[in-house]
Structure formats: structure tokens, C-alpha cells
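Input: a single structure, listed below in C-alpha cells.
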Amino acid sequence: MKPKNSLRPTVIARVADHQWHALEDDQVVGRGEAWRRHDGRLFVSVDAWHDAVFDQLAGAMLADADLPRPLYTMVDESDLDLKSHWERLGFTTRRREWVCLVPTDPRITGLGAARPPSGVTILPLGTAEKGPLRELDRTIRAEVESSVGWQEMPAEVLPRLDDATVVDPTKYAVAREAESGAYVGLLRVAPVPRQPRIGLVAVRADRQRRGIARALLAEVLGSLHRSGVRAVSAEVAERNAAATSLFDTIGAERAGSNLEVVLH
């Protein structure tokens, strides 16, 4: 953001439910938005060119009775200017997510020989059936919520409050048990144009520590490597020791970090 030099008055308008615009001479100079994540928490964001507009827009949003506390937002930890803006408004750091670059070359990841446990098959990206995949997704979400809580999951996870959290099955690789046909693990890839992103790796609680997550990574990373992709990105919660250890062992490099900040 840049300092504001203009003396023109700024008007803050609520243009829709949980959406605000900052206007100067009827031109939009800033946008604010609020949305609920799957866990029900309310996140906010502000995009403004001038510092003063950011403060006015954020102040108007926070004064709105339709935005009850607590409120959350995500900040790139290296963006000290934006971080200071939210801190001046009373936000404090709650958690950190590492932004990792994950190589796809099996010679680097060490996943070339990784195989699923006996009786488990890995279904490549785009081959999973939507019905069983949604059932697995619901099971995993319930297990997460009853343990660490969904608020500890990466913030990019789909913010849907309905039951249709699996929108596009083609983005998923799945671990399936041969005998029962049940899906027991999944990996979601977001096909970001410049660099694909691993959005979620999860295995049912009663099937963990058997190498299923490594087998899913081996399949997906190997496939991407063969298609010419050299690395993917992933967000890993600092407090998630198991996930941090898994990505460390396959050569992931920490390229940055995001902070989840909260206003109570």
C-alpha cells in the first residue's frame, strides 16, 4: 500500500452482504470482504491502495454489527506493513503456517520406492468416484473436528458450510482398500497455473502410520514430475508435528510463512 496524497473524501459503502467498497469520486479505491470458513469462523480481508483507505475501510467493517468477534485474517509474515495495519486494529497472532516448496523428483523426495501397505491401492488424480470420496471427506473432517479442531487446518481449505466439500473429484488422488472398496486416504491438488499446490493430505485415523500418506505423495508427485512439474507448494501448520516431519523427510523447503491473526 502507498500513503494517500489526495484530499478527496473517501466514502465507505456496504455493497452486499459482507462486502464493502471504499469510493473516491465514485471510483473504487478499496474493497473489504468477510466470509465464513468450514469451521464457522469469520475471516476478513481488505484490499486498498492507500494506507488511509485501508484504515477507514477496515474500521468501518469492524464497526459493523454483522461482524461479531472473534474475527480472523491471514497475513504474509514478511509483509511487515500489512501486519502492522492489522496489529494497530487490535489483531494478534494466533498461529503460523509454513509455505513449503516440495520437489517432485523421486530422486530428491526419496519416494521412488514408496508403496502403499498390503491391500491398499492408490487411485491416481481424476479417477476417484465422487460418492465414496465425499464420504471419506466427511469422515476425515469429523475426526479432525473431534481432535485438534478444524481451526488448526490450513486456511486455504475450502470454506464451505454445506455437505458438498468435494466439488471437483479430478483434483484428488485416493487410497482405496481392495477388500472393502472403502476410501481411506486422500490428497487434493489445486492446479494453480504457475505452480500446483497440495491443498490437503489426510488419512482416516484408524489407518494412519501405515505409509498411506507417503504412498499418496509418491503417486501424485511422481505423476507431476513426469509431466514436467519440478515443484509444488503446500501450507503446513507449524503445530502439526506429523505433517511437518513428513514434508521435511521428502525434501520440502520452507519458502515463507503466513500468520493467522485474530481480533477478540
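The values are calculated or read from the model by the stated rules, or taken from the named source; none is laboratory data. Owing to the predicted nature of the structure, the values given are computational and were not obtained by experimental measurement. All Cβ positions, even for glycine, are placed from backbone atoms using ideal geometry, and neighbour counts span all protein chains on display. Ligands, DNA and RNA are excluded from the accessible area calculation, which covers all protein heavy atoms including side chains. Shrake-Rupley method; radii C 1.70, N 1.55, O 1.52, S 1.80 Å.
Restricting the first residue to the stretch 121-138 and requiring it to be at positive phi, which pairs with a second residue that is aliphatic (A, V, I, L, M) and open to solvent by less than 60 Å² (accessible area, probe 1.4 Å) meet a Cβ separation below 9 Å and a spacing of at least six or different chains?
Once the first residue is at positive phi and sits in the stretch 121-138, its partners that are aliphatic (A, V, I, L, M) and open to solvent by less than 60 Å² (accessible area, probe 1.4 Å) give 126/173.
Would a scan of the stretch 174-185 turn up a residue that is over 13 Å from residue 124 (Cα atoms), open to solvent by 10 Å² or more (accessible area, probe 1.4 Å) and within 18 Å of the chain's Cα centre (by Cα)?
no
List pairs: first in the stretch 235-251 and open to solvent by 70 Å² or more (accessible area, probe 1.4 Å), second not in a loop (DSSP other than H, G, I, E, B), Cβ under 7 Å, 6+ apart or cross-chain?
Sorted first by the residue in the stretch 235-251, then by its partner, the pairs are 238/95; 238/96; 238/97; 238/98; 239/95; 239/152.
With 53, 15, 44, 99 as the choices, which residue is within 30 Å of residue 200 (Cα to Cα), aliphatic (A, V, I, L, M) and out of contact with any helix residue (DSSP H, G or I) (no Cβ under 8 Å at 6 or more places or on another chain)? Steps first, please.
Values: 53 fails: within 30 Å of residue 200 (Cα to Cα); 15 fails: within 30 Å of residue 200 (Cα to Cα); 44 fails: out of contact with any helix residue (DSSP H, G or I) (no Cβ under 8 Å at 6 or more places or on another chain).
Just one listed residue meets the conditions, 99.
For the stretch 121-173, give me each residue that is open to solvent by less than 70 Å² (accessible area, probe 1.4 Å), at pLDDT below 70 and among the hydrophobic types (A, V, I, L, M, F, W, C).
150, 153, 155, 157, 158, 164
From the set of residues in the stretch 186-216 that are in a helix (DSSP H, G or I) and in contact with a strand residue (DSSP E or B) (Cβ under 6 Å, 6 or more places away or on another chain), which is surrounded by the most Cβ atoms within 10 Å (Cβ to Cβ)?
216
Can you give me the number of residues within the stretch 48-87 that are of a type outside the set (A, V, I, L, M, F, W, C) and without any contact (Cβ under 8 Å) to a residue 12 or more places away in the chain?
Of the residues in the stretch 48-87, 2 are of a type outside the set (A, V, I, L, M, F, W, C) and without any contact (Cβ under 8 Å) to a residue 12 or more places away in the chain.
Working carefully through the options 253, 219, 235, find the one that is touching a strand residue (DSSP E or B) at 6+ places or on another chain (Cβ under 8 Å), modelled with pLDDT under 95 and either at negative phi or of a type outside the set (Lys, Arg) (or both).
235
Identify all residues within the stretch 198-225 that are polar (S, T, N, Q) and free of Cβ contacts under 8 Å to residues at least 40 places away in the same chain; write none if there are none.
Once the filter is applied, which keeps residues that are polar (S, T, N, Q) and free of Cβ contacts under 8 Å to residues at least 40 places away in the same chain, the stretch 198-225 yields only 208.
Would it be correct to say that residue 64 is closer than 24 Å to residue 257 by Cβ, out of contact with any helix residue (DSSP H, G or I) (no Cβ under 8 Å at 6 or more places or on another chain) and of a type outside the set (Lys, Arg)?
Numbers: closer than 24 Å to residue 257 by Cβ: no; out of contact with any helix residue (DSSP H, G or I) (no Cβ under 8 Å at 6 or more places or on another chain): yes; of a type outside the set (Lys, Arg): yes.
No: the conditions fail for residue 64.
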